[in-house]
Amino acid sequence: MSTFYTRFMRTFGAVSIVAGVAIATVQGLAQDELVLIALGISAGWLRFSLAPAGYLTLAPIAFFLALLITGPWAAFTVATGVSFVCLLIFGRVPLTQALKGLGEEAIPSLLAASIFYFASTSGIGILAGGETTSAYIAGIASYVLGKIVVGSIGANADEGISPRAYLLGASKNNVLNLLFLGILALGLKLYLFVQFGYFTLILVTIALVEFYHPWKLLSEQDEVLFSNLTLVAQAIDIKDPYTARHSKNVAKVAVRIARILGLPEEEVRKIRIGALMHDIGKIGVNTSIIRKPSKLDPQEQEIMRAHPMMSADIMQPIELLAEAAEIVRHHHEHIDGSGYPSAWKADRIPIGSRVILVADAFDAMTTDRPYRQGRSKQEALEVLRKHSGTQFDADVVRALEAIASFI
Amino acid sequence: MQPLPRSLQLYILGVIVLAAIVLWSLLPTIPFDSSSELFLFLILIALASMFPIPDPRGGFITAAGILFYVLISLHGPGAGLLIAGPGYAVGAAVSRKWVPWRTLSNGAQMGLSVAAAGLAFRISGGSVSHPDLRTLLLPLAMSVLTFQLVNNFLVAFYFNRLRNTPLVPTWLSDVKDLLVSNLLSIPTAALLAILYTTVGPAVLLVYLVTLPLQRRAHLLYFQQKRIHDQAINSLVLAIDTNFPQGRGHSRRVANVSVAVAREMNLPPHLVEAIELGALLHDVGLIGIDLPDETAAAASSSERFREHTRIGAELVRELPRKGIEGIILHHHEKYDGNGYPDKLRGNDIPIGARVVAAAEVFDSLMAGGFPNSKGQSLADVLTVLKGEAGKSFDPRVVDALVSAIESGGLAENELREHGDASTPLQRQPEG
């Protein structure tokens, strides 16, 4: 199943490879382009994910330099070559996804190359400093613009992330990075390349990678953290083999709901941690109770109902998890006050807890159990709708409906 | 403050005198006509030395180091000594603490190292006027290497006098640890030197402005890493409480395993994997309710044995490699009588062999499942030695014994019940 967006980008990616090769054959592949492609690939090693979607990379520096050194069409070849190789090697994605990623990169590159071409040939000297410079500035501006537009459409099509959340999150860093690289490339061309050639450009590439390295480490550290937390969550989940991926799934759904609700990134992070850890208190609950297919007797029920508090008690003393502990403590509160442990109502319940309750219920309903088949997504949504306003927060349920097709 | 050892006093005096002699002999090479530029370097080096940036690869990012290399490539070894020594001494004195003898010896050591690096740059024909690989990068590489060798030797010698640490091993391991991050600073240093001559000294100021940014990112990284490690550690501890071996078992097994791995001189990435593997070795037990049989019967039951597979399955998705094998095979025996795969000898991953011995060691020491109460250290070691070659890799047992004898593992540590604040990975000492 692939959306129109995916198919379009894949096709565009494939076409741009062909176009890149065609340009290279027509113009003849000069040493310049090859060196720039090699530079771009080296710079592309520096690549890390951004929240909520997309990634930051140094690879565009090669495209920017190529615009100035080899002209717009050869630069397009450089851009496609670099981003395709980087996607395959550093992005570690399969070929079809690399084509899609290439399409997403080729559109802004093509836009920038065209603008650069027309601006430099028609000679619209908007800015002082020579025609190439102003054409270059127009080119960079259109590249950045194209990148943002394609990125936000993509985030919306792939993940259901609202354009607003995307623009406030990932794109800010991306724009800063691209503008910095754009200005840097111009300076390099004017001050170093003319005099010393590629030697200095290679030095700059290494120095840049070294400079950005801590941010890459920082971003990877986050991935390590969440995979470690997932591991702990799954270790608890396998107490019931039928829910082995429960916490992981709940976290995925809860994060998506939180983004649709337009919650700030720190809140989303808190919800992600809370959703992963919400059942950790079950570590102390006997497996025979967790796995029991029939109705629990009152005493067993009492034990089960204590688990949000036990989870929160485990999380509370841990610096990283303390903030999310409150969310977890109240993830079984109902809007009408019929939940536990505090029987809080409506807005008194933290928004994170309301999100996790819905995500938790949705995953529980759609999962198969030994004694019954899981409900379909539609049926589960139906149930959630029926109880929204009493058990579930109506806004949260609506948000889930909006992204149900992505789950 | 206690007085310094006599030999250390002599050493400090010697270094300072040596620095003075070298400075005097290099005096003619110092370009005093560009004294305002030298003064700029002095201030920048002092500033950069005030804010050391910890490097995740070990040691510190040498912001001042980059300036040293720019300085010697532009103005030669004599200027290097004259400027780098005092600049570094002042910066270090401001950021840490003013201790006259230490500040002086720091400055003299640094000055000598930079002068040596400058000489290496000169001898290998370095020049900034027509920069390319042969005229700039290779000489810079030579000077980085020289700097590292001289500086680490002086530091190792200093600590050899002060704390009796072994001289040559300390020296070589320091050089090894720091060389990569210093070599990686060459491109930046070369660029700054080139820009200095083409654009002007102001580029150094631009570079200096970016330093706080880099420093912030690095400190943030270390802080995050500490918080994350602590979180995982505490979670493991919470889970531990529900294991039959009782609270703290996993943490202690991890500590013993790391000590053994270090004793065996395993590479750092392996030590790291062993620590995490040891910490999580029983994670598969969570899903298993042990029936209320006798402990011995339970530990041989089919269900109990499943925990190695379940655990390995769980950690498969972790980004770090090598942990799965440790968990899967930590109940294999050296003679092939273990489970689940009856592997034998070196077919068992080294990490699993280490954790296997450490786990039994801890169960015997601390008591608990499947042994009811703890035994004395001597008894435990006798048991382990008796099993060397049968249950355990003899080299692992040797390493464990010598880790305990050398004091790498203190006895009180071996019985404590885990502390949530113990960091998972030790930070490089600053």
If a residue has to be surrounded by 14 or more Cβ atoms within 10 Å (Cβ to Cβ), under 28 Å from the mean Cα position of the chain (by Cα) and farther than 13 Å from A:PHE84 by Cα to count, how many in the stretch A:10-40 make the cut? 1
Working only within the stretch A:162-209, note down all residues that are within 17 Å of B:THR210 (Cβ to Cβ), over 24 Å from the mean Cα position of the chain (by Cα) and open to solvent by 40 Å² or more (accessible area, probe 1.4 Å). A:ILE183, A:LEU184, A:ILE206
All but one of (1) in contact (Cβ under 8 Å) with a residue 24 or more places away in the chain; (2) over 24 Å from A:ALA207 (Cα atoms); (3) open to solvent by 40 Å² or more (accessible area, probe 1.4 Å) hold for B:MET110; state the number of the condition that does not hold. (3)
Scan of the stretch A:251-288 for residues that are open to solvent by less than 20 Å² (accessible area, probe 1.4 Å), more than 19 Å from A:MET315 (Cα to Cα) and within 14 Å of another protein chain (Cβ to nearest Cβ), ordered by number: A:THR287
Can you tell me which residue among B:LEU172, B:LEU137, B:LEU162 is within 14 Å of chain A (Cβ to nearest Cβ), farther than 28 Å from B:SER25 by Cβ and open to solvent by 10 Å² or more (accessible area, probe 1.4 Å)? B:LEU137
For A:THR57, are the conditions met, namely being without any contact (Cβ under 8 Å) to a residue 40 or more places away in the chain, open to solvent by less than 40 Å² (accessible area, probe 1.4 Å) and polar (S, T, N, Q)? yes
Scan (1) in contact with a Phe, Trp or Tyr (Cβ under 7 Å, 6 or more places away or on another chain); (2) among the aliphatic types (A, V, I, L, M); (3) open to solvent by 10 Å² or more (accessible area, probe 1.4 Å) for the single condition A:LEU384 breaks and write down its number. (3)
Taking the stretch A:82-101 as the region of interest, how many residues are touching a residue at least 12 places away in the same chain (Cβ under 8 Å), open to solvent by 20 Å² or more (accessible area, probe 1.4 Å) and farther than 19 Å from A:ASN174 by Cβ? 5
Yes or no: A:VAL150 within 18 Å of the chain's Cα centre (by Cα) and at pLDDT 90 or above? yes
Just to be sure before I move on: is A:ASN173 within 14 Å of another protein chain (Cβ to nearest Cβ), under 30 Å from A:SER311 (Cα atoms) and of a type outside the set (Val, Ile, Thr) in the structure I sent? no
In the stretch A:117-143, anything open to solvent by less than 10 Å² (accessible area, probe 1.4 Å) and either closer than 28 Å to A:LEU87 by Cβ or modelled with pLDDT of 95 or more (or both) is listed as A:TYR136, A:GLY139, A:TYR143
Matching helices (runs of 4 or more DSSP H) fully within the stretch A:252-330 where at least 3 residues are closer than 17 Å to A:GLN234 by Cα and in contact with a Leu (Cβ under 8 Å, 6 or more places away or on another chain): A:265-277
Do you know which residues across the stretch B:209-221 are open to solvent by less than 30 Å² (accessible area, probe 1.4 Å) and either touching a residue at least 40 places away in the same chain (Cβ under 8 Å) or more than 9 Å from chain A (Cβ to nearest Cβ) (or both)? B:LEU211, B:GLN214, B:HIS218, B:TYR221
Counting residues that are among the polar types (S, T, N, Q), farther than 26 Å from B:LEU400 by Cα and at pLDDT below 85, which helices (runs of 4 or more DSSP H) fully inside the stretch B:173-292 reach at least 2? B:202-240
Neighbours by Cβ (under 7 Å, 6+ apart or cross-chain): first from the stretch A:199-228, more than 7 Å from every other protein chain (Cβ to nearest Cβ) and among the small types (Gly, Ala, Ser); second outside any helix (DSSP H, G or I) and open to solvent by 30 Å² or more (accessible area, probe 1.4 Å): A:SER219/A:SER49
Residue list for the stretch B:313-329, filter: in a loop (DSSP other than H, G, I, E, B) and either within 11 Å of chain A (Cβ to nearest Cβ) or within 9 Å of B:PRO349 (Cβ to Cβ) (or both): B:ARG316, B:GLU317, B:LEU318, B:PRO319, B:ARG320, B:GLY322, B:HIS329
Failed condition for B:LEU167, given (1) within 25 Å of B:TRP101 (Cβ to Cβ); (2) open to solvent by less than 20 Å² (accessible area, probe 1.4 Å): (2)
Got at least one residue in the stretch B:238-257 being facing another protein chain (nearest Cβ under 10 Å) and of a type in the set (A, V, I, L, M)? yes
The residue that is nearest to the chain's Cα centre (by Cα), considering only those in the stretch A:229-244 that are more than 7 Å from chain B (Cβ to nearest Cβ) and outside any helix (DSSP H, G or I), is A:ALA244
Boolean, A:GLU401 is in a helix (DSSP H, G or I), open to solvent by 50 Å² or more (accessible area, probe 1.4 Å) and touching a Leu at 6+ places or on another chain (Cβ under 7 Å): yes
In the list B:ARG395, B:ARG426, B:ARG415, which residue meets the criterion of being of a type outside the set (Val, Ile, Thr), at pLDDT 85 or above and open to solvent by 50 Å² or more (accessible area, probe 1.4 Å)? B:ARG395
Take the residues in the stretch B:175-208 that are of a type outside the set (A, V, I, L, M, F, W, C) and more than 14 Å from every other protein chain (Cβ to nearest Cβ); name whichever of them is nearest to B:SER36 (Cα to Cα). B:PRO201
Scan the stretch B:1-48 for residues that are of a type in the set (Phe, Trp, Tyr) and open to solvent by 70 Å² or more (accessible area, probe 1.4 Å) and report the count. 3
Can you name the residue in the stretch A:289-303 that is touching a residue at least 12 places away in the same chain (Cβ under 8 Å) and buried (at least 16 other Cβ atoms within 10 Å of the Cβ) and, of all such residues, is farthest from the other protein chains (Cβ to nearest Cβ)? A:ILE303
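The values are calculated or read from the model by the stated rules, or taken from the named source; none is laboratory data. Quick caveat, the model's predicted, so the values are computed rather than measured. All Cβ positions, glycine included, derive from the backbone under ideal geometry; neighbour counts span all protein chains shown. In case anyone asks, the SASA skips ligands and DNA or RNA and just uses the protein heavy atoms, side chains included. Shrake-Rupley method; radii C 1.70, N 1.55, O 1.52, S 1.80 Å.
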